[in-house]
Amino acid sequence: MKTYSNILKASAGLFFGTATYLLSTSIPVKAAEKVILRYGILSESISVAELQKVAESGKIQGPYKKYTDRLPVEERQKLLTTLRTKYPVNFLTLSRLLYTPGGSAILKDLAKVTLRSESGGMQALRSALVRGSKNREGLSIISFINAYPSEQLEIDVKEASKTFNHLNLAYQQTQQFMDAIAPQLSAVNNSQFSSNVDPTQPGNGIVDVLKLNLKDEKRSSRSVPVDIYFPKALTSKPKAKSVVVLSHGFSSDKSDMAYIAKHLASHGYVVAAVEHTGSNLNYQIDLTKKDGIIPLIKPQEFIERPRDISFVLDKLGEFNKQPNRRFFPQVSTDNVTLIGHSFGGGTALAIAGGEIQIDDLKSHCPNLPASTNGSQWLQCFAQDLPQKRYQLRDNRVKQVIALNPTTSLMFGRTGLEKIQIPVMMLASSADKTTPALTEQVISFNKIPSPKWLVGIVGATHGSIKDPASTAGRESQNKSEVVGEKAIDIRKYIQGITLAFIYRNNSPSYQTFLTPEYAQYASTKTFPIRLVREIPADVMKSVYQIVDKNQ
């Protein structure tokens with residue numbers, strides 16, 4: 001009977017874990033009234049009403065008490081905790097994932113668990129997951145069952161234990177990795193660092209913003225919105241200012257890293273926050289295939305995003321020649337820093353020289369298991385591009401910062417080895433969207449030096465985002481560390497981005513790109529570590545964890 005509680009716990013994990021990507025279903029709902037838990041030839045039936053009473057009261061009473069009394073005390077407590085747990089998720093986001101190949105794989109596995117494999121059963125599962133997540137308090141076991149469009153829901157407990165325990169395996173592997181290196185993270189000594197400057201503090205420049213909606217006529221008038229942050233108090237200085245470009249993640253926008261843009265602009269940089277209209281928050285997918293597979297993204301977007309960056313740099317160069325330009329008098333576009341987050345991090349690594357290897361994608365993507373994280377399914381949409389390899393290097397970009405980047409599949413086995421400029425990469429231990437182990441740690445090991453890897457224990461995928469950006473999105477997901485909770489993380493990000501960009505101009509800033517400063521900036525809630533290379537013994541443990549779960 002131990003499996004009884006495992007299925008409920010794992011189910012809740014699935015419902016949260018799949019909340020990554022947009023679309024809804026219109027199946028009429030006739031809620032399930034009874035749940036049958038089956039294990040081999042044994043089964044146990046419980047009404048949804050009774051199950052809901054258990055969830056609300058936190059107590060198992062009546063005829064079911066005798067049943068659950070067979071469970072160890074710890075297992076009974078896990079069962080109650082799982083029943084009462086609510087996961088705030090965006091129902092549009094969840095629905096979008098469930099119409100992708102990855103979502104279909106999840107639904108097929110879940111159909112085995114619920115003992116319904118026909119198309120109606122698949123649609124019922126999709127409907128229950130999406131409608132259950134529309135509950136005001138969040139998605140839960142009870143809201144899922146109440147939204148299930150059938151009078152009865154039957155669960156194969158034995159099959160469920162195998163299916164649910166392998167969902168979002170990359171995230172689970174990251175947690176195993178963190179447990180393995182926990183002794184190295186336990187001691188935080190921040191008393192051994194001192195400096196006369198503080199890169200986390202704003203500069204003297206008064207920041208202004210110029211909002212433009214550019215059109216690239218060479219690409220069918222593709223719209224490229226861009227916010228240009230600049231220090232207007234410094235406009236009287238004749239020296240051209242260095243440019244920093246920001247690239248947001250999938251289903252996000254140019255406001256995601258506004259606080260970084262303002263911080264850098266206050267220190268004298270011109271910062272262009274680019275919006276990629278083929279993969280931004282407002283991007284509309286084809287809704288005509290409601291019963292089929294709907295692509296999250298067009299394959300060409302993997303090419304268009306780097307081209308957006310190059311196009312903006314071209315325009316900034318042209319602005320230098322305009323006598324009546326409103327913003328900064330002169331900008332230098334031959335020594336650019338590119339900062340990207342998530343899919344934008346993958347964009348940054350592509351511009352840095354990382355080769356997108358379509359032939360490798362084609363060999364891996366058809367065999368991806370349902371346990372694959374959402375970022376890998378996103379990368380697999382590139383496999384329909386016509387060429388085998390893509391090199392999108394822009395030589396004007398001299399260094400990149402990749403925050404929680406997508407990397408594991410799109411660059412194949414050797415694509416990242418071709419990068420020849422400095423790279424700083426960020427990994428967050430609690431990132432469910434781009435799990436650190438597969439998307440950053442393994443990939444970082446492939447990148448030639450000079451490179452820096454920053455790891456923040458306890459940070460999530462949205463932790464580096466501007467509070468204004470997460471207010472209506474990640475802040476509704478209680479598992480995301482954003483807003484006020486992530487102040488210390490954002491402060492550190494401000495400091496190291498400035499130090500990374502400015503390190504060659506002032507040796508004093510190089511000290512902030514050291515393990516000592518990472519420890520100094522650490523808190524009890526968010527220990528921070530920085531390395532230049534991953535030790536061989538650590539990589540050995542990484543591959544052991546990955547191989548063990550194959």
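Asp360 satisfies every condition listed in (1) surrounded by fewer than 24 Cβ atoms within 10 Å (Cβ to Cβ); (2) in a loop (DSSP other than H, G, I, E, B) except (2). Among the residues making up the stretch 111-133, those that are closer than 17 Å to Lys34 by Cβ and either basic (Lys, Arg) or at pLDDT below 70 (or both) are Val113, Leu115, Arg116. Within the stretch 426-433, identify whether any single residue is acidic (Asp, Glu) and within 30 Å of Thr525 (Cα to Cα), and answer yes or no. Yes - at least one qualifying residue is present in the stretch 426-433. Screening the stretch 398-435 for residues that are among the hydrophobic types (A, V, I, L, M, F, W, C) and either over 13 Å from Gly345 (Cα atoms) or part of a loop (DSSP other than H, G, I, E, B) (or both) and picking the one that is nearest to the chain's Cα centre (by Cα) gives Ala430. Answer with yes or no whether Pro467 is over 15 Å from Met425 (Cβ atoms) and not polar (S, T, N, Q). So Pro467 passes the test. Please pick out the residue among Ser236, Ser242 that is out of contact with any helix residue (DSSP H, G or I) (no Cβ under 6 Å at 6 or more places or on another chain), at pLDDT below 95 and either within 30 Å of Asp488 (Cα to Cα) or not in a loop (DSSP other than H, G, I, E, B) (or both). Going through Ser236, Ser242 in turn, just one is out of contact with any helix residue (DSSP H, G or I) (no Cβ under 6 Å at 6 or more places or on another chain), at pLDDT below 95 and either within 30 Å of Asp488 (Cα to Cα) or not in a loop (DSSP other than H, G, I, E, B) (or both): Ser242.
Scanning the stretch 304-354 for residues that are assigned to a strand (DSSP E or B), modelled with pLDDT under 95 and touching a helix residue (DSSP H, G or I) at 6+ places or on another chain (Cβ under 7 Å) returns Val331, Thr333.
When the test is whether a residue is in contact with a Pro (Cβ under 6 Å, 6 or more places away or on another chain), surrounded by 21 or more Cβ atoms within 10 Å (Cβ to Cβ) and in a helix (DSSP H, G or I), Ala265 passes it. With respect to (1) in a helix (DSSP H, G or I); (2) of a type in the set (A, V, I, L, M); (3) under 24 Å from the mean Cα position of the chain (by Cα), the lone exception for Ala499 is condition (3).
Answer yes if at least one residue in the stretch 427-436 is more than 28 Å from Ser140 (Cα to Cα) and touching a helix residue (DSSP H, G or I) at 6+ places or on another chain (Cβ under 9 Å), and no otherwise.
yes
Answer yes or no as to whether Leu409 is among the aliphatic types (A, V, I, L, M), surrounded by fewer than 22 Cβ atoms within 10 Å (Cβ to Cβ), assigned by TED's automatic domain parsing to the domain that holds Val271 and at pLDDT 95 or above. Judged against the criteria, Leu409 is not a match. In the stretch 476-484 there is no residue matching the filter, namely being surrounded by 19 or more Cβ atoms within 10 Å (Cβ to Cβ), at pLDDT 95 or above, within 21 Å of Gln519 (Cβ to Cβ) and in the same structural domain as Val244 (by TED's automatic domain parsing). Residues that are more than 24 Å from the chain's Cα centre (by Cα) and either surrounded by fewer than 17 Cβ atoms within 10 Å (Cβ to Cβ) or under 25 Å from Gly203 (Cβ atoms) (or both) within the stretch 514-540 comprise Thr514, Pro515, Glu516, Tyr517, Tyr520, Pro535, Ala536, Asp537, Lys540, listed in sequence order. Note on the stretch 504-513: residues that are in a loop (DSSP other than H, G, I, E, B) and surrounded by 13 or more Cβ atoms within 10 Å (Cβ to Cβ) total 1. Selection of the stretch 250-262 for residues being buried (at least 24 other Cβ atoms within 10 Å of the Cβ), closer than 18 Å to Ile297 by Cβ and modelled with pLDDT of 95 or more yields only Asp256.
Could you list all residues from the stretch 514-540 that are small (Gly, Ala, Ser), part of a helix (DSSP H, G or I) and either more than 23 Å from Ile447 (Cα to Cα) or modelled with pLDDT under 90 (or both)?
Ala521, Ala536
The values are calculated or read from the model by the stated rules, or taken from the named source; none is laboratory data. What you see is a predicted model, and the numbers here were worked out from it, not measured in a lab. Because the Cβ atoms are built from the backbone with ideal geometry, glycine has one as well, and the counts that use them run over all protein chains shown.
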